[in-house]
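Take a look at the structure set out below.
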There are 2 protein chains.
Amino acid sequence: MSVRSRRACQMFFPLLFLCSSFCVSVSSLPLSPSSSGIALNSTLGHTLLISSSVVTTTTVMNHFDTQVTQSFCSVATSATILNALAANAASQGRAVAVPVDPVYSPYRYYTQRNILEDIPCVATVKTHNGAELDAQFIALHGATLDEWSQYLKCHADVVQKHHARSGGVGEFRAALERAYGAQPSGELVAVNFDRKGVEEFGGGHMSPLAAYHKDAESGDEHVLLLDVSRYKYPPVWLPVEELYDAMATLDSTSGLNRGFVVVSARAEGSDVAVGITTEASTTKATELKAQYACLEKKEAARWDGMLACLDGGGTAIMSSSQTSRSAAMSPTSAGVLGGFFGFVVGGALAYTYASLVGRRRVSRAFAALQYAGDVDVDIP
Amino acid sequence: MSVRSRRACQMFFPLLFLCSSFCVSVSSLPLSPSSSGIALNSTLGHTLLISSSVVTTTTVMNHFDTQVTQSFCSVATSATILNALAANAASQGRAVAVPVDPVYSPYRYYTQRNILEDIPCVATVKTHNGAELDAQFIALHGATLDEWSQYLKCHADVVQKHHARSGGVGEFRAALERAYGAQPSGELVAVNFDRKGVEEFGGGHMSPLAAYHKDAESGDEHVLLLDVSRYKYPPVWLPVEELYDAMATLDSTSGLNRGFVVVSARAEGSDVAVGITTEASTTKATELKAQYACLEKKEAARWDGMLACLDGGGTAIMSSSQTSRSAAMSPTSAGVLGGFFGFVVGGALAYTYASLVGRRRVSRAFAALQYAGDVDVDIP
């Protein structure tokens, strides 16, 4: 567990459970940011936003996503920045390739599922243990900065991957000024840091950044971190150097320090659609019909059954119902059918055996009769 | 389908498929807001935000959620405003009752699942067709303003439910000023409108509002609508009267006009936790162990299998595996076992029958013998 707890975005539950008195003490309020952090939903946090936000800031906030599992921080961060990059590009008339999630078909949108699933490039990511990178891998292991950077490259240009180190904060500052300064470059910055380094509860974590504020008088610098664990911490303004120091921490899985990535949209040919697909309308209409039929079935009363109906127009539940009438049947049907065949086969064999035995016994009896009184009769 | 297409948040696909030339024409960019709407991620949209946003605005944006299915707009809107209300209350030191979603346990957060699931109050909602309101109901039918307002009341105070009507825009304006004016009341406003009324593509829809802007010179009023179909439309500033008119449209399912709700946090006793649960640590540790064991199984390679592992510490997959070894067996095992029993039973019956038949035939033969030659023998 010691390795796991150091992994990016891994749950820090073991410690949590050892300190139940602490848990109780914080139970009446959500977790608060560090003493040096400023919650966005506070008067000061809002003031910083007003004085420093750019259009890019609202674009990232528009697509701010919650991680779907407690180890999916890198994927939720990716979904947030990839959708923001696509929206940015689209508002400038440029098209980027956004995949379709069956749930939102025919509209195109990055989700924490379609970023990883059925993307051949993602399966080629070199992982720390040699296993294939997919949703299950991330659910079990989270991701290192290198793994994250590699699968991000399947969808966008990773302009910079920086492992934080002593004295390297200038590069971080430069990236922030390019992305969130007065003349935004169109790039976005996302970080991999140790929560403990910013006085938060937990271990390795990833989240996108949305704004950069430098106080004209004091020179104090803050960066707006949109924490994708929205159930745990609010968006927070963190001192730039404090966050950088929290990145300059060892991820024992990779043997390298954490850090940040700078990502920009990968412009594609004009034939690539954003926002809505151009698939054949007839296919969609059929899918929709199947979806409604599926949603009316009793399996859809369960949460996962309902979601399955929306996954490819209900193919999952519909095909499993069809299957139960043909190939893979229910245990009850299989038992009854097996019993019937067993009954017939067993019965036929036993009847034949019993008849043969009976016939032999009659033969022996008549043989005895013939021996005793030489009576010649046909065996009936 | 005519009724369905008028329902709140229902998909408008049938029309979409009849107009494939239109679909192709918009395919290179995401859908744009109406001619009178101003996208938030534009220079003007950002300027309006800077000049009118309040802390409440950022709080709503912090919890802005995407509907998990194409008919879940009312639920995504509810999740957004309920989490924002809870965060607002918490920042003022007040506690509200936020449920736990097993995926985020031990943290408390409203999700589109736990708003509906296992909440006895939700099952008592009076629906238009008398069916029980749950996730399946919403997936099939969406929700009317009345149904939505009723299930919202299970989690918060619905201060106002307003069916829009000619001349009623003043009440809407008053609600906006209370919620998003200079002295925010802590209330939030969410709307149920017809997309066609704001020149959008679709039918009935729900979404939360996050800000209100009144131009000091021209008197022009705009309201910021955070569209929960984030895959379809960006957040947009809409003219207040245009949006109100789009609410003053008939929902044929309820026979009433659409409208808006004003919601505020329901303060609970101090024993109600927000942010993190105080459940026994031992239970959590056991759950976590089960979760890891579950995530390592081959079933977790599927997206739904992975999510099932996180649902109550993997109870779903773990128990289904255990079940397959005891009660509900596989079709193959059932077939083999059924066949064996059938073989034994069928065999025993057939043997008995064949023996009895054989014995009767021997009896008849000996009876014939006795008649023919009066030979007295024991039947063998």
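The values are calculated or read from the model by the stated rules, or taken from the named source; none is laboratory data. The structure displayed is predicted, hence computed values, not measured ones. As a convention, Cβ positions derive from the backbone with ideal geometry for all residues, glycine included, and neighbour counts pool all protein chains shown.
Got a number for residues in the stretch A:59-85 being among the aliphatic types (A, V, I, L, M) and closer than 23 Å to B:Ile50 by Cα?
Result for the stretch A:59-85: 5.
Give the residue that is surrounded by the fewest Cβ atoms within 10 Å (Cβ to Cβ), with candidates limited to residues of the stretch B:75-115 that are touching a strand residue (DSSP E or B) at 6+ places or on another chain (Cβ under 8 Å) and β-branched (Val, Ile, Thr).
Selected residue: B:Val100.
Taking the stretch A:143-190, which residues are part of a loop (DSSP other than H, G, I, E, B) and out of contact with any helix residue (DSSP H, G or I) (no Cβ under 7 Å at 6 or more places or on another chain)?
A:Thr144, A:Lys153, A:Arg165, A:Ser166, A:Gly167, A:Gly168, A:Gly181, A:Ala182, A:Gln183
Output the residues belonging to the stretch A:164-176 that are surrounded by 15 or more Cβ atoms within 10 Å (Cβ to Cβ) and of a type in the set (D, E, K, R).
Residues satisfying the conditions are A:Glu171, A:Arg173.
Which of the residues belonging to the stretch B:126-140 are under 15 Å from the mean Cα position of the chain (by Cα) and either touching a residue at least 24 places away in the same chain (Cβ under 8 Å) or within 12 Å of chain A (Cβ to nearest Cβ) (or both)?
Across the stretch B:126-140, the qualifying residues are B:Glu132, B:Asp134, B:Ala135, B:Gln136, B:Phe137, B:Ile138, B:Ala139, B:Leu140.
If I go through the stretch A:87-125 residue by residue, how many of them are at the interface with chain B (Cβ under 8 Å from one of its Cβ atoms) and hydrophobic (A, V, I, L, M, F, W, C)?
4
Only one residue in B:Thr56, B:Thr80 is over 16 Å from the mean Cα position of the chain (by Cα), hydroxyl-bearing (Ser, Thr, Tyr) and more than 8 Å from chain A (Cβ to nearest Cβ). Which one?
The unique qualifying residue is B:Thr56.
A:Ala267 fails exactly one of the following numbered conditions: (1) under 25 Å from A:Thr77 (Cβ atoms); (2) at pLDDT 80 or above. What is the number of that condition?
The failed condition is (2).
Suppose the filter is within 20 Å of B:Arg258 (Cα to Cα) and among the basic types (Lys, Arg); does B:Arg178 pass it?
Here the answer is no, as B:Arg178 does not meet what is asked.
Only one of (1) of a type in the set (D, E, K, R); (2) crowded, with 24+ Cβ neighbours inside 10 Å; (3) out of contact with any helix residue (DSSP H, G or I) (no Cβ under 6 Å at 6 or more places or on another chain) fails for A:Asp65. Which number is that?
(3)
Cβ-Cβ below 6 Å, separation at least six or inter-chain, first residue in the stretch A:240-265 and in a loop (DSSP other than H, G, I, E, B), second basic (Lys, Arg): which pairs?
A:Ala248/A:Arg165; A:Thr249/A:Arg258; A:Ser252/A:Arg6; A:Thr253/A:Arg7
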